[in-house]
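The block underneath contains the structure these notes are about, expressed in structure tokens.
None of the figures in this text is laboratory data; all of them are computed from the coordinates on show. Predicted, not measured: the structure shown is a model, and the values here were computed from it. Virtual Cβ from ideal backbone geometry, glycine too; neighbours counted across all protein chains shown.
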Amino acid sequence: MYYNRPDQHWQNWNRRITIEEAMNIASEQVPGQIVKVELDTKYGAWIYEVDIITPQGMEYEVEVDVNTSGIISVKPD
């Protein structure tokens, strides 16, 4: 599993959800194996991008809002 962590100056940033919580939220939407998680920004908001491979071999990207823990999008990757 690959984790893309922010640079050291972001380590003190107070996130509302953890990477593990984002992984759990994404797994509830798309069951499968998590292969990559990245912390990124989209439209000025912090998001986790979680890449999941389903048992059928399809790869999906699930975007989870860091502040609200809401799902922003689920799309084939």
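Summary table
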item: V35/T68 FRET efficiency (R0 22 Å; Cβ-Cβ; nearest 0.05); result: 0.35
item: Efficiency of FRET between T54 and E20 - r from beta-carbon atoms, R0 22 angstrom, step 0.05; result: 0.60
